[in-house]
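Student: Structure provided below as structure tokens; questions to follow.
The values are calculated or read from the model by the stated rules, or taken from the named source; none is laboratory data. Computed from a predicted model, the values in this text were never measured in an experiment. Reconstructed Cβ throughout: ideal geometry from the backbone, glycine too, with neighbour counts over all protein chains shown. Calculation scope for accessible area: heavy atoms of the full protein, side chains included, ligands and nucleic acids excluded. Shrake-Rupley method; radii C 1.70, N 1.55, O 1.52, S 1.80 Å.
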Amino acid sequence: QVQLVESGGGLAQPGGSLTLSCAASGSIFSIYHMDWYRQASGNQRELVAAVTSGGSTNYADSVKGRFMIYRDNAKNTVYLQMNSLKPEDTAVYYCRARRFSYDYWGQGTQITVSS
């Protein structure tokens, strides 16, 4: 069992930056692939960024060059550095840990990008 707690959400201005954190507990963090998803009001949840247990990363086209996902296995935490934020980045952001049939989600954190 893995418990995930996101933090770092809030209000940002267009062009600004935020860093989300997702702290994991309850299992061996390093073996899990970690993802960040987001869900805007009225939309389906979409994958934003992913980092495998080996450190390989993948990004949605809409955030490439602006967002960066990285993990610190010593701290059992995965991060999402978000730069050059746009109003369309407004959403609830979720952290996900997955490995084979194991699949865990955090509770989500709201990001609002507005002037």
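Student: In the stretch 18-85, which trypsin sites (Lys or Arg not before Pro) fall in coil by DSSP and have 16 or fewer other Cβ atoms within 10 Å?
Tutor: Of the trypsin sites (Lys or Arg not before Pro), the ones in loops of the stretch 18-85 whose Cβ has at most 16 other Cβ atoms within 10 Å are ARG45, LYS64, ARG66.
Student: Which residue, ALA40, PRO14, PHE67, has the largest displacement toward the positive end of the dipole of the chain when charges sit on each Cβ (Lys, Arg +1; Asp, Glu -1)?
Tutor: Towards the positive end, the residue furthest out is PHE67.
Student: Hey, any idea what the orientation-averaged projected area of the convex hull of the chain's Cα atoms comes to, in nm²?
Tutor: The directionally averaged projection comes out at 6.7 nm².
Student: Same structure again: Per 0.36 nm of contour for each residue apart, how much would the distance between ALA23 and THR57 grow if the chain were fully extended, relative to their Cα-Cα spacing?
Tutor: Answer, rounded to one decimal: 10.4 nm.
Student: Taking the Cα-to-Cβ direction at GLU46 and at ARG98 and moving 7 Å from each Cα, how far apart do the two end points lie in nm?
Tutor: 1.7
Student: Give the accessible surface of the chain per residue, rounded to a whole number of Å², with probe radius 1.4 Å and ligands, DNA and RNA excluded.
Tutor: 52
Student: Something else about it: How far is the Cα center of the stretch 93-115 from the Cα center of the stretch 48-82, in Å?
Tutor: 12
Student: Hey, in the GNM for the chain with a 10 angstrom Cα cutoff, which one of VAL92, VAL48, VAL78 fluctuates hardest?
Tutor: VAL92
Student: Just the number, please: carbon plus sulfur as a percent of the accessible area of the chain, 1.4 Å probe, no ligands or DNA/RNA counted.
Tutor: Here carbon and sulfur together make up 47 percent of the probe-accessible area.
Student: Amide H to amide H, which residues 5 or more places from ALA12 or on other chains are under 5 Å from it, using H placed in the peptide plane?
Tutor: THR112, VAL113, SER114
Student: Note down, for the stretch 57-115, the three equivalent ellipsoid semi-axes (square root of 5 times each alpha carbon gyration tensor eigenvalue), biggest first, whole angstrom.
Tutor: Output for the stretch 57-115: semi-axes of 23, 14, 12 Å.
Student: Quick one: if you stick a label point 7 Å off each Cα along the C-beta vector at LYS86 and SER7, how many nm between them?
Tutor: Rounded to a tenth, the inter-label distance reads 3.1 nm.
Student: Something else now. With a cut-off of at most 16 other beta carbons within 10 Å, and DSSP calling the residue loop, which chymotrypsin sites (Phe, Trp or Tyr not before Pro) in the stretch 1-65 qualify? Please list them.
Tutor: In loop regions of the stretch 1-65 (DSSP not H, G, I, E or B), there are no sparsely surrounded chymotrypsin sites (Phe, Trp or Tyr not before Pro).
Student: Kindly write out, for the stretch 30-43 in residue order, the coupling ³J(HN,Hα) from the Karplus curve 6.51 cos²θ - 1.76 cosθ + 1.60 (θ = phi - 60°), rounded to whole Hz, with x marking Gly and Pro.
Tutor: Couplings: 5, 8, 8, 6, 10, 10, 10, 10, 9, 9, 7, 4, x, 10 Hz.
Student: Give, in nm to one decimal, the length gained when the segment between SER30 and TRP105 is fully stretched (0.36 nm per residue of separation minus the Cα-Cα distance).
Tutor: Length gained between SER30 and TRP105: 25.4 nm.
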